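The values are calculated or read from the model by the stated rules, or taken from the named source; none is laboratory data. Note that the structure is predicted; figures quoted are calculated from it, not measured. Don't worry about glycine lacking a Cβ; one is built from the backbone with ideal geometry, like all the others, and counts go over all protein chains shown. The accessibility values were calculated without ligands, DNA or RNA, using every heavy atom of the protein model including side chains. Shrake-Rupley method; radii C 1.70, N 1.55, O 1.52, S 1.80 Å.
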Amino acid sequence: MGVLASNLREDMAEYLYRVGEGLTSGFLQQSGQRWDHAAQSWEQHRAGNRWTEEFIYRQSLREQLGDVSGLRILDFGGGSGEFSEFLHENGAVVTYVDHSAQMREIARHKTNGVLEAYCLTEDLEGSARPQLFDAVVANMVLHDVEDLGGTLGWLSSRLEMGGRLFVTILHPCFKPPVHGWSSLSESSARYMIDRYGNIGLNLTAVFGGGPSSIPTLNIHRRLSDYMAALLAIGLVIDSVFEPDGRWHPEYFASPLAVADDWFRRAPVLGFLAHKPRC
């Protein structure tokens, strides 16, 4: 009990300090530096998880946005460019934003230099491109931003009236500050979830304890925090989804067909919302 109590005190002290101090000093800069350092490793990690990319992320985009041909789409926090590449191939006019210089280079390479890539939102604001979009895609990025409300407000301001916001995040119910598989016996295991209510920096991510082993600045929030933030900026939530890829025609020929394997590999929660016309 002494070890448990000690660990609990340390964790709580860490969270309370970081929340009280605004998580970290220079959060955006630190996050960008970490992703610069991890860019090539992350690209290799994503390339080795093509089934997850196809059945979880791209399939969700197809189901939620439908035909994107001709749409002006902002890929916010586009990382190594998987969504930008997919959207571009399907006829969308894509503008990409990411704070990592190395990620931007990888994304440009994937689209043969066609992709118009910006460093930060300030660069986009100062550009000559149209500032409003038919849709904004924020794939697996909102858990990596410090100011959730401010970020969502900015994304909403970039939408045309009636424009749609597509969001995916790490599922907060299954990726809280303490989580992971533990073995009960040689033939059984369980998934441990603890401290869901602790809002703050996810130390598992900070120290590279996630499936990719890449340390990032990842923030845990409750499910209600995300939904409240979306509603607070006046967006209408059209869909809430937990993709598992099982409706994809090639699913059962893939490794994800193993029972619950998709959930260990990609515990994802998504939202589709739109900006009302009046």
Open item on the list: Within region 157-167, take every residue that is small (Gly, Ala, Ser) and at pLDDT 95 or above and give me the one that is surrounded by the fewest Cβ atoms within 10 Å (Cβ to Cβ).
Closed with: Gly162
TODO: Out of the residues in region 55-93 that are crowded, with 21+ Cβ neighbours inside 10 Å and over 18 Å from the mean Cα position of the chain (by Cα), state the one that is nearest to Leu269 (Cα to Cα).
DONE: Val68
Task: Out of Leu124, Leu148, Leu142, Leu170, sole residue that is open to solvent by less than 10 Å² (accessible area, probe 1.4 Å) and modelled with pLDDT of 85 or more - done: Leu142
- [ ] Filter region 34-54 for residues that are in contact with a helix residue (DSSP H, G or I) (Cβ under 9 Å, 6 or more places away or on another chain), at pLDDT below 80 and open to solvent by 60 Å² or more (accessible area, probe 1.4 Å) and give the result.
- [x] Ala47
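Each row is one residue, and each column tells you yes or no for (1) surrounded by fewer than 19 Cβ atoms within 10 Å (Cβ to Cβ); (2) more than 23 Å from Thr52 (Cα to Cα); (3) at pLDDT below 70.
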{"residue": "His179", "(1), (2), (3)": "no, no, yes"}
{"residue": "Asn198", "(1), (2), (3)": "no, yes, no"}
{"residue": "Ser239", "(1), (2), (3)": "yes, no, no"}
{"residue": "Pro243", "(1), (2), (3)": "no, no, no"}
{"residue": "Arg246", "(1), (2), (3)": "yes, no, yes"}
{"residue": "Glu250", "(1), (2), (3)": "yes, no, yes"}
{"residue": "Ser254", "(1), (2), (3)": "yes, no, yes"}
{"residue": "Arg264", "(1), (2), (3)": "yes, no, yes"}
Task: Residues that are farther than 17 Å from Trp35 by Cα and in a loop (DSSP other than H, G, I, E, B), drawn from region 61-90 - done: Gly66, Asp67, Val68, Ser69, Gly70, Leu71, Asn90
Open item on the list: Given the criterion free of Cβ contacts under 8 Å to residues at least 40 places away in the same chain and of a type in the set (Ser, Thr, Tyr), identify the matching residue among Ser84, Ser80, Ser31.
Closed with: Ser84
